[in-house]
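Here the structure is laid out as structure tokens; the discussion comes afterwards.
The values are calculated or read from the model by the stated rules, or taken from the named source; none is laboratory data. This one's a predicted model, so the numbers in the text were calculated from it and none came from an experiment. Every residue, glycine as well, gets a Cβ built from its backbone with ideal geometry; the counts of neighbours run over all protein chains shown. Accessible surface areas use protein heavy atoms only, side chains included; no ligands, DNA or RNA. Shrake-Rupley method; radii C 1.70, N 1.55, O 1.52, S 1.80 Å.
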Amino acid sequence: MADIRKIYKYALFLPMLVPLIFAPLLYFGLQSLGEKLGLIVIIVFYSGIIGGIPYLFLGVALAIWMQNKAEAQIRKALMLSPLIMSALTAVLLFALWMAPIGNRMNWLHSLEGFFGALGVLMLFIGIFGYSYVGIAFGLARLVRGFPFGSFPK
């Protein structure tokens, strides 16, 4: 049986890997996908673009931190990771808002624009973040051999 901690470490690549997998669909077949599926492809792709910079910090920090931790500690950290990602994104968005370039961006010019952008980003971070966490937990269960209806003791 594989070391479960490696599964969690490899799962840290998912938020960067999935948008890269969706990227060729933007170039080759977006029109043939249909409107709804095309919108999903665009949202997943841009989630990697917009969230990529803050996630690189979080993913590297988690990978280093996980080195000799117990699975229970890793699972707790992964459950908290979308919240940490939200905080990182808020700090980076605030820095962008305070920077001179932020004043030239119409959508980020006002306080309402800042909080509006922050709210939308938090929504997507919650949805995508906990989806990736769920996938990581599901992969660990499959590797361990537990069906999804049962829980380890």
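Rounded to a whole number, what % of the accessible area of segment 6-84 do carbon and sulfur atoms account for, probe 1.4 Å?
Looking at segment 6-84 in its full context, I get 74 percent from C and S.
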Practice item. Quote to one decimal, in nm, the extra length available between GLU71 and LEU139 on full extension: 0.36 nm per residue of separation minus the C-alpha distance between them. Key: 23.1 nm
Review point. With charges only on Cβ, +1 for K and R and -1 for D and E, what is the dipole size of segment 1-82 about its Cα centre, in debye, rounded to 20?
Key: 300
Review point. How much length, in nm to one decimal, is gained on full extension between LEU96 and LEU17, taken as 0.36 nm per residue of separation minus their Cα-Cα distance?
Key: 25.9 nm
Review point. For ALA63 and ILE127, what does the FRET efficiency come to when R0 = 25 Å and r is the distance between their Cβ atoms, rounded to the nearest 0.05?
Key: 0.65
